[in-house]
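**Q** Shown below is the structure under consideration.
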Amino acid sequence: MELPVEEWRLCAARRWAALEPALRERLAAASLHDTLRLGCGLLRPEAEAPALRRLCRRARAGKEPAAARFYREEGNRSFGRRRYAAAARLYSQAASHELPGSPEVSVCFANRSAALFHLGHFEVCLEDIARAESHGYPDRLLPKVLLRKAECLLCLGRLQDAADALSVVESKIAVAGIMTSPAHQTLLKKLSQLKIKIQEKESCPEPARETCGDIQRKSEFWEENDSISGASSSLRLNFDTERGRHLVASQDILPGQSLLEEEAFVSVLCPGDSLLLQDSAEAVWDTRVTNADLYCHHCLRQLLASVPCQGCSYAKYCSQSCADVAWQQYHRTECSLGALLLTLGVFCHVALRTVLLAGFAEVSRLVEWSHNGDRDLQDPEARCKHLSEAPETRAGTRGIPGCNDDGQYQSSYQAVFNLLPHAEKHSPEHKFLCMLSVVAICQQLQEAGLEAAVLNQESSERRSKPKTCEKTSGELSPEMKTMAEAMLRHVLQLQCNAQAITVMQESESGDGAVVNKKPVRLATAFFPVLSLLNHSCCPNTSVSFSGTTATVRASQPIPSGQEIFHCYGPHRCRMRVAERQQLLSQYFFECRCGACRDELESDVKSVVSLRNTFSCPGCRAPMQGEDMLCCSNEACAISVSRQSLSCRLQDLQQRIKRALELLRDRKADQAIKMLLKCQVDAECFLSPEHLLMGELEDHLAQVYATLGKWQEAARHLERSIEIVEMHHGPSSIEIGHELFKLAQILFNGFAVSEALSTIQRAEEILSVHCGPQSPQIQELQEMKTCLSELPRSILQRT
Ligand SMILES: [Zn+2]
Ligand SMILES: [Zn+2]
Ligand SMILES: [Zn+2]
Ligand SMILES: [Zn+2]
C-alpha cells in the first residue's frame with residue numbers, strides 16, 4: 001500500500017538488473033540530484049512506460065457510467081431491505097461515478113437523502129436535498145423530495161420553514177395539474193398529513209431543546225514553547241551525533257499532560273485494502289467499503305454524505321468546502337493521475353502532495369540550498385561541536401537542521417525538507433525504484449499539460465487555453481527535474497519519517513449496542529515536529545489523532561532532563577526483542593531503549609515470551625525448549641515440535657476468523673458455538689495467559705452483547721481484561737479501551753454501581769492517553785449523566 005504495486009516493483013528490478021554495471025555503480029553512489037540526472041531517461045517510452053500504463057488500468061479512479069448503474073441498483077436493493085446505512089454508502093459510490101450536474105447524479109443525492117432520513121440524520125438529509133435540486137433533479141419527481149424536506153424541517157422543529165416547503169409542494173402539484181395516479185394520491189395524502197402535524201406542533205410548542213453540540217468545552221491549559229511550534233513549554237530541543245535531534249523534558253511532566261499538538265504538514269488517505277487493484281478480465285465492482293469511502297480525502301473526518309470530486313470517482317469529501325480547498329491546493333493537479341498514484345503507492349502520493357503544497361518557489365529554494373549545503377550536511381560533527389559551544393538559549397537551536405535563522409523550529413516545508421532521507425542507507429535498487437516512480441509521475445504531469453499548475457505559473461490567459469505538451473519525448477523540463485528531486489527526497493524520507501494517522505474504527509458486526517472498535521491506519525503524513533521524537537519500545541508518551549491533528553501526551557511521569565520517546569510501532573508488550581529489532585531495521589537503527597537493553601544484555605524476558613507460551617497437550621503444564629518443546633512436568637515427559645504447535649495456533653486463528661464472519665452475517669448462535677469450541681481447544685495447548693485466550697473472551701463478550709445477554713458478556717470481558725492487564729499493564733491504553741467496552745455492557749445491563757465505577761476507571765486511563773476531549777471520554781460522560789438521571793427506584797434495586 002505504501003510502496004508501488006508488486007508488478008511495478010518487479011519491472012523496476014528487471015530494469016535495474018539489466019543496466020550496465022558501470023551505470024549501476026554510478027547510480028548507487030550518486031547524490032539525489034545526480035540520481036535524477038542519470039536516471040531520468042531510464043524510464044523507456046517503449047518498455048516501462050506502457051507496462052506502467054497497463055497496471056494503471058486496473059486501478060479504477062475515473063468515472064464509469066456502468067459502475068454508477070451497478071451501485072445505484074445495489075443501493076436500491078439495500079434500501080428495500082431497510083439497510084439504510086449500506087444504502088447511503090452505495091448511493092455515495094454511485095454519485096462518485098456520475099457526471100456532475102447530470103440528472104443521474106441528482107437522483108443519487110435524492111435517493112441518499114431518503115436513506116439519511118430513515119437514519120435520523122435530518123440536517124445532512126437537507127443538505128442532500130439541496131444538492132439534488134442544484135444538480136437539476138427532474139421537476140416531475142421534485143414534490144416527493146420536497147415533502148421529505150418538509151418532514152425533516154418538522155423533525156428539526158423548524159415549523160415555519162416546514163410550512164414554506166409544503167406550500168412550494170402545493171404550487172408544484174397545482175402547476176402539474178390534476179393527476180390520478182396512485183403515486184400522486186399517496187403524495188397528496190402525505191401532504192395533508194404533514195400539514196396537520198405542523199398545525200399540531202404550532203398549537204402546542206415543545207420546550208426549546210438545548211443544542212448540545214454548541215457547547216464548546218474549554219480547551220486544555222497550554223503554554224506554547226517559544227522555539228518549537230506546537231510544543232509545550234516544558235520541552236527543549238536538543239541535538240547530538242548519537243541521537244540526532246530530540247526533545248527533552250525541561251521540567252517535571254505529569255501523566256496526561258499534553259506535550260505536542262501538530263497539524264500534519266501533508267497527509268494522504270490510505271486507500272485501504274483496495275480490491276480494485278486485482279487483475280480481472282471483466283469489470284467487477286465491489287460493494288465492500290474501504291477507507292476511501294469512509295473518510296474525507298482532505299480532512300479525514302468520517303463521511304456520512306460524501307461530496308464526490310467533479311473529475312474522478314476516487315476522491316470524496318465531507319463537504320463542498322473541503323472539496324474546494326483540496327482542489328485549489330493539490331487535487332486539480334492530482335485528479336487525472338488517480339490511477340497512477342494508486343498504482344505507485346501512498347509514499348509517492350505523499351511526496352507529490354508535499355511539493356504541491358510547498359509550491360515551486362520554496363521547493364526550488366531548498367533544493368538549491370541542499371546542493372550548496374551538501375558538504376556541510378555531511379559533517380554533522382562539526383556542526384554539533386558548534387552547537388555544544390552555544391549557551392542553552394534559543395540561540396542554541398539556531399544551527400539545528402530545520403530551524404530557521406531565529407532558531408525556531410516550525411511545522412514548515414523547511415522542516416520537512418530537513419528530515420533525514422538517509423539516501424546512502426537505502427539499497428540502490430530501492431532508490432532506483434523510487435526514482436523511476438517519481439519520474440513516471442512527473443512525465444505524466446507534463447503529458448497531461450499540468451506543468452504550469454505544478455510550477456504555479458498559471459496565468460488566467462493560460463488557464464483558458466490549456467498549454468499542450470511541447471516536449472513529447474518524455475524529457476523533463478529543468479523545473480520539473482527540481483520538483484522530481486524533491487519528491488525523490490520525500491519518498492526516501494518517508495521510510496523513516498512517515499507517521500501513520502490511526503483512528504478507532506467501529507468494526508462492522510451485527511447491530512449490537514456495544515460497538516467494537518479497533519485501531520486502523522487511516523492516512524500517511526508528515527509531522528515535522530512529531531518527527532523530532534525518537535523511538536523507544538517502552539515509550540513515555542501516547543499519540544492520538546483528531547482529523548489531521550496529532551496530540552502527544554505523557555503516559556507516565558517524566559522527570560526534568562529525561563528524553564521524550566514515542567513508539568514507531570514495535571512495542572515491547574506486543575513483540576519479542578528479535579522481532580522488534582527486525583522491524584526497526586527499516587529505520588536504519590538498532591534500538592537501545594531500556595526494554596531492548598534488558599532483553600538483549602541481561603536475562604530479562606519480554607512479556608510476550610513469558611505469557612504467550614504453549615502448555616502441554618497432555619497435562620497442561622508449561623512447555624519448555626526451542627524447536628522441540630518438552631513438558632516441564634517430569635512425570636509426563638510429552639514432547640512436541642514447535643512447528644506443529646504453531647500450525648495448531650494458526651488453525652485456531654482461522655477458525656476464530658470464521659466465527660467472527662458468522663457474527664457479521666448475524667448468525668450469533670452459530671458464532672457462540674464455534675467460539676466456545678475454539679476456547680476448549682485453545683485451553684489444551686495455550687497457556688491461560690496467552691493473549692489469544694484474552695481475545696477469545698473478548699469475542700465471546702461481543703457476541704453475547706449482540707444478543708443482549710449483558711451479564712454473560714460482562715463476565716467474559718472481565719476475563720479478557722485480566723489477560724490484557726498482564727500483557728499491557730493496568731494503566732495502558734489497551735486497558736482503557738477494554739474498560740470502555742465493559743462500561744457500555746454494564747450500562748446496557750443496568751448494572752448501575754458497577755457501571756459507574758468502571759466508567760470512572762476508564763475515564764482516568766483514557767484521559768491520560770487521549771485527553772479529556774476525546775470522543776470516548778465524552779461518551780463515558782454521557783453514560784454517567786444518563787445513569788445519574790435514572791429514577792431512584794432503579795438505583796436502589798441494584
Ligand atoms: Zn473534509
Ligand atoms: Zn478528482
Ligand atoms: Zn527498543
Ligand atoms: Zn505434560
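The values are calculated or read from the model by the stated rules, or taken from the named source; none is laboratory data. Because the structure is predicted, anything quoted here is derived from the model rather than measured. Cβ coordinates were reconstructed from backbone atoms using ideal geometry, including for glycine residues, and neighbour counts include every protein chain displayed.
**Q** Residues of the stretch 736-760 being surrounded by fewer than 21 Cβ atoms within 10 Å (Cβ to Cβ) and over 17 Å from Q778 (Cβ atoms), which ones?
**A** N748, G749, F750, A751, V752, S753, E754, S757
**Q** From the residues in the stretch 550-576 that are touching a Leu at 6+ places or on another chain (Cβ under 6 Å) and within 13 Å of ligand 3 (Cβ to nearest atom), which one is farthest from S411 (Cα to Cα)?
**A** Once the filter is applied, the top-ranked residue is P570.
**Q** Please go through (1) in contact with a helix residue (DSSP H, G or I) (Cβ under 6 Å, 6 or more places away or on another chain); (2) within 14 Å of ligand 3 (Cβ to nearest atom); (3) not in a helix (DSSP H, G or I) for E599 and return the number of the only condition it doesn't satisfy.
**A** So E599 meets the others, but not (3).
**Q** Just the residues that are crowded, with 23+ Cβ neighbours inside 10 Å and either within 16 Å of ligand 4 (Cβ to nearest atom) or basic (K, R) (or both), please, taken from the stretch 285-317.
**A** K316
**Q** Then there is this: Does V520 qualify as being of a type in the set (A, V, I, L, M, F, W, C) and more than 16 Å from ligand 3 (Cβ to nearest atom)?
**A** So V520 fits the description; yes.
**Q** Here's something else I'd like to know. Consider only pairs whose beta carbons are under 8 Å apart and that are at least six residues apart or on different chains; among these, list those whose first residue lies in the stretch 239-255 and is surrounded by fewer than 13 Cβ atoms within 10 Å (Cβ to Cβ) and whose second residue is assigned to a loop (DSSP other than H, G, I, E, B).
**A** The qualifying pairs are L254/P557.
**Q** Identify, please: which residue in the stretch 280-300 is touching a residue at least 60 places away in the same chain (Cβ under 8 Å) and in contact with a Gly (Cβ under 6 Å, 6 or more places away or on another chain) and is, among those, farthest from ligand 3 (Cβ to nearest atom)?
**A** By that ranking, first place goes to C299.
**Q** Step by step: first the residues of the stretch 466-514, then only those that are of a type in the set (K, R) and surrounded by 15 or more Cβ atoms within 10 Å (Cβ to Cβ), then the one that is modelled with the highest pLDDT. Which residue is that?
**A** Among those that are of a type in the set (K, R) and surrounded by 15 or more Cβ atoms within 10 Å (Cβ to Cβ), it is R489.
**Q** Let me ask another. Any idea how many residues of the stretch 543-557 are over 15 Å from V529 (Cβ atoms), more than 16 Å from ligand 1 (Cβ to nearest atom) and not in a loop (DSSP other than H, G, I, E, B)?
**A** Within the stretch 543-557, residues that are over 15 Å from V529 (Cβ atoms), more than 16 Å from ligand 1 (Cβ to nearest atom) and not in a loop (DSSP other than H, G, I, E, B) number 2.
**Q** Does any residue in the stretch 634-646 that is near ligand 4 (Cβ under 9 Å from one of its atoms) come within less than 8 Å, Cβ to Cβ, of a residue that is aliphatic (A, V, I, L, M) six or more places away or on a different chain, and which pairs are these?
**A** Pairs that qualify, where the first residue is near ligand 4 (Cβ under 9 Å from one of its atoms) and the partner is aliphatic (A, V, I, L, M), are C636/A621.
**Q** Taking C296 as the residue in question, decide whether it is under 22 Å from L530 (Cα atoms) and modelled with pLDDT of 80 or more.
**A** no
**Q** Does any residue of the stretch 588-596 turn out to be more than 11 Å from ligand 3 (Cβ to nearest atom) and over 20 Å from L610 (Cβ atoms)?
**A** Scanning the stretch 588-596, I find at least one residue that is more than 11 Å from ligand 3 (Cβ to nearest atom) and over 20 Å from L610 (Cβ atoms), so the answer is yes.
**Q** Test each condition in (1) outside any helix (DSSP H, G or I); (2) within 16 Å of ligand 3 (Cβ to nearest atom) for A637 and report the one that comes out false.
**A** Here A637 clears every test but (2).
**Q** Can you tell me which residues in the stretch 312-334 are within 11 Å of ligand 1 (Cβ to nearest atom), out of contact with any strand residue (DSSP E or B) (no Cβ under 6 Å at 6 or more places or on another chain) and part of a helix (DSSP H, G or I)?
**A** Within the stretch 312-334, S321, C322, D324, V325, A326 meet the criteria.
**Q** Ok, one more. Looking only at the stretch 416-452, filter to residues that are surrounded by fewer than 24 Cβ atoms within 10 Å (Cβ to Cβ) and touching a strand residue (DSSP E or B) at 6+ places or on another chain (Cβ under 9 Å); which one of those is modelled with the lowest pLDDT?
**A** Among them, the one singled out is L420.
**Q** Tally up the residues in the stretch 186-234 that are surrounded by 12 or more Cβ atoms within 10 Å (Cβ to Cβ), at pLDDT 80 or above and among the basic types (K, R), please.
**A** Going through the stretch 186-234 one residue at a time, the tally reaches 3.
**Q** Here's a follow-up. Among the residues of the stretch 19-30, are any closer than 18 Å to E475 by Cβ, modelled with pLDDT of 90 or more and in a helix (DSSP H, G or I)?
**A** There is no residue in the stretch 19-30 that is closer than 18 Å to E475 by Cβ, modelled with pLDDT of 90 or more and in a helix (DSSP H, G or I).
**Q** All but one of (1) of a type in the set (D, E, K, R); (2) farther than 30 Å from A705 by Cα; (3) surrounded by 15 or more Cβ atoms within 10 Å (Cβ to Cβ) hold for K667; which doesn't?
**A** The single condition K667 does not satisfy is (2).
**Q** Report the residue count in the stretch 558-584 for those that are among the β-branched types (V, I, T), in a strand (DSSP E or B) and without any contact (Cβ under 8 Å) to a residue 60 or more places away in the chain.
**A** If we filter the stretch 558-584 for residues that are among the β-branched types (V, I, T), which is where we start, we get 558, 564, 577.
Applying the additional criterion that residues be in a strand (DSSP E or B) yields 558.
From what is left, the residues that are without any contact (Cβ under 8 Å) to a residue 60 or more places away in the chain are none.
Within the stretch 558-584, residues that are among the β-branched types (V, I, T), in a strand (DSSP E or B) and without any contact (Cβ under 8 Å) to a residue 60 or more places away in the chain number 0.
**Q** Can I ask one more? Within the stretch 82-94, does at least one residue satisfy the condition of being under 30 Å from T482 (Cβ atoms) and without any contact (Cβ under 8 Å) to a residue 24 or more places away in the chain?
**A** Scanning the stretch 82-94, I find no residue that is under 30 Å from T482 (Cβ atoms) and without any contact (Cβ under 8 Å) to a residue 24 or more places away in the chain, so the answer is no.
**Q** Give all pairs with beta carbons closer than 7 Å in which a residue from the stretch 671-686 that is of a type in the set (K, R) meets a residue that is surrounded by 21 or more Cβ atoms within 10 Å (Cβ to Cβ) and assigned to a strand (DSSP E or B); count only pairs at least 6 apart in sequence or on separate chains.
**A** From the stretch 671-686, no pairs qualify.
**Q** Here is a further query. Working carefully through the options A453, A415, find the one that is under 17 Å from V350 (Cα atoms) and either in a helix (DSSP H, G or I) or free of Cβ contacts under 8 Å to residues at least 60 places away in the same chain (or both).
**A** It is A415.
**Q** Being basic (K, R) and more than 16 Å from P401 (Cβ to Cβ) is the filter here; which residues of the stretch 218-258 pass it?
**A** Within the stretch 218-258, K218, R236 meet the criteria.
**Q** Within the stretch 693-708, is there a residue that is over 26 Å from the mean Cα position of the chain (by Cα), farther than 16 Å from L675 by Cβ and in a helix (DSSP H, G or I)?
**A** Looking for residues that are over 26 Å from the mean Cα position of the chain (by Cα), farther than 16 Å from L675 by Cβ and in a helix (DSSP H, G or I), one finds none in the stretch 693-708, hence no.
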